[in-house]
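Take a look at the structure below.
Read-outs throughout are calculated quantities, based only on the coordinates presented, and are distinct from any laboratory measurement. From a predicted model like this one, the values you see are computed outputs, not experimental measurements. Neighbour counts are summed over all protein chains in view; Cβ atoms, including those assigned to glycine, are modelled from backbone coordinates with ideal geometry.
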Amino acid sequence: MNQPIQHPVIDDRMARLRQRDCPTSQFRAYVQEISQMMVPAVTADLFTLPTQVETPLEITTGRKLEREIVLVPILRAGLGMLEGFLRLLPESAVAHIGMARNEDTLSPESYYFNAPTSLTDADVMVLDPMLATGGSASAAIDELKKHGAKHLRFACIVAAPEGLERLNSDHPDVPVYYPALDSRLNEHGYILPGLGDAGDRIFGTVQE
């Protein structure tokens, strides 16, 4: 279930983000800004419950989120999106999954998992800036489901058709949110036109 996100300000930040000469500080800031602007779309269909609210003048009925939110950045690039989501969802719990891609096989390798004790009754949002082959995202969602997660969604900044196809096939119950759908992967599994290695550019570890 694919959920493209369209917004002119996101488009503006995306163009700046893609620039080869975008410095690390600005790249990191644009990732956070785009992520923050994605939150309303990613959360638009969350379930709510009525709740009694006492205003300064009288008692009325409001709405509250039905389930706790757990944000799950896939290490390490997913950390770049976390702050943007936390700015609008500061009450969220944060889990972490470490998934490293083997550059020879393009297959994900898990090396770390840390999450709240119960994910079953939470809205779990998996964050990773790039959805390339879809292997890491699919494996991360597999791991979360093993730990009881049932209400999952995946948010990325740039997606490749191959990654969307993989995630839709492996996890048709998980909606995928993205503002940019690029054309294809190259022979090394990188998204074209893409924006380079998001983790390296977020953390300033780009190798010249």
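Each Lys or Arg adds one and each Asp or Glu subtracts one; over the other residues with Cβ under 14 Å from the Cβ of Tyr177, this totals -2. For Gly98, the residues 5 or more places off, or on other chains, whose built amide H falls under 5 Å of its own are Leu75, Tyr111, Tyr112, Phe113.
In this structure, the amide hydrogen of Leu181, modeled 1.01 Å from its nitrogen in the peptide plane, lies closer than 5 angstrom to those of Ala159, counting only residues at least 5 positions away or on a different chain. Largest GNM mean-square fluctuation among Tyr177, Tyr112, Tyr30, using the chain with Cα springs under 10 Å: Tyr112. The charge dipole of the chain, taken about the Cα centre with unit charges on the Cβ atoms of Lys, Arg (+1) and Asp, Glu (-1), comes to about 200 debye, rounded to the nearest 20.
Annotation for segment 1-67: trypsin sites (Lys or Arg not before Pro) lying in DSSP loop with at most 10 further Cβ atoms inside 10 Å of their Cβ are Arg20. DSSP beta bridges fully contained in the chain are about 40 percent antiparallel.
Its relative contact order, with pairs defined as Cα atoms under 8 Å and 6+ residues apart, puts segment 54-208 at 20 percent.
Full extension of the chain between Lys145 and Leu192 yields a length gain of 13.9 nm, computed as 0.36 nm times the residue separation minus the alpha carbon distance.
Each other residue within a Cβ distance under 15 Å of Leu144 adds +1 if Lys or Arg and -1 if Asp or Glu, for a net charge of -3. Going from the residue with the fewest nearby Cβ atoms within 10 Å to the one with the most, Cys22, Cys156 rank Cys22, Cys156. In loop segments of segment 1-103 as defined by DSSP, the GluC sites (Glu not before Pro) with at most 10 further C-beta atoms inside 10 Å of their C-beta are Glu58, Glu91, Glu103. Here the simple spin-label model places points 7 Å from the Cα toward Cβ, and for Arg184 and Ser25 these points are separated by 3.9 nm. Computed from phi, the 3J(HN,Hα) profile of segment 180-197 under the Karplus parametrisation 6.51, -1.76, 1.60 (θ = phi - 60°) reads 10, 10, 8, 7, 5, 9, 8, 5, 9, x, 9, 6, 10, x, x, 8, x, 7 Hz, with x in place of Gly and Pro.
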